[in-house]
Amino acid sequence: MSDYHAALVYDGECPFCSAAATALRRLDGVGAIAWGDDPAQAFLEAQFGETPFALVFADNREERVYVGREAARELCDRAGMPVLVGDIVGDNYESLADAIRRVTGVEGEPEPYHGTYPLSEAGMEAFGELAANAWHTAKVGR
């Protein structure tokens, strides 16, 4: 059984995503796992029927999954960041990610998945392994 009731699936190669995931240090019960890790891939497949390349924040207690700009907004909100910061990050999610990826030379584009979804039954079943392999701080692969 994991100490985490929520987990952020982030691009472990992207410094922007990794930096955003460091806000997790302020949150109890929330971990992070790189998108490319097997438990993250299994969770995404279970939840969506595919593995979208997007920032995903899953909360088992709320039975919700936040994706893309909504994941960024929810993370900012839970970390106690000012509303303005959350709005700027959420509203400019794609352009911020594109700029950081260009500057750092990371290839690949996040898929245009955004919104809040109910945690599916299959997603709930895969969540345990996701949470068990999450960390309290993000790790950068580069």
Original post:
Can you name the condition, by its number, that Gly108 falls short on among (1) open to solvent by 20 Å² or more (accessible area, probe 1.4 Å); (2) at pLDDT 60 or above?
Top reply: (2)
Original post:
Which ones in the range 1-11 are open to solvent by 10 Å² or more (accessible area, probe 1.4 Å) and at pLDDT 65 or above?
Top reply: Ser2, Asp3, Tyr4, His5, Asp11
**OP:** Pull up the range 46-76, narrow it to residues that are touching a residue at least 60 places away in the same chain (Cβ under 8 Å) and open to solvent by 50 Å² or more (accessible area, probe 1.4 Å), then point me to the one that is farthest from Asn133 (Cα to Cα).
**Re:** Glu63
**OP:** Answer yes or no as to whether Gly128 is exposed (fewer than 14 other Cβ atoms within 10 Å of the Cβ), at pLDDT 55 or above and either part of a helix (DSSP H, G or I) or not hydroxyl-bearing (Ser, Thr, Tyr) (or both).
**Re:** no
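The values are calculated or read from the model by the stated rules, or taken from the named source; none is laboratory data. Since this is a predicted model, take the numbers as computed values, not measurements. Methodologically, a virtual Cβ is constructed for each residue, glycine included, from the backbone with ideal geometry; neighbour enumeration extends over all protein chains shown. Remember, those area values only see protein heavy atoms, side chains included, never the ligands or the DNA or RNA. Shrake-Rupley method; radii C 1.70, N 1.55, O 1.52, S 1.80 Å.
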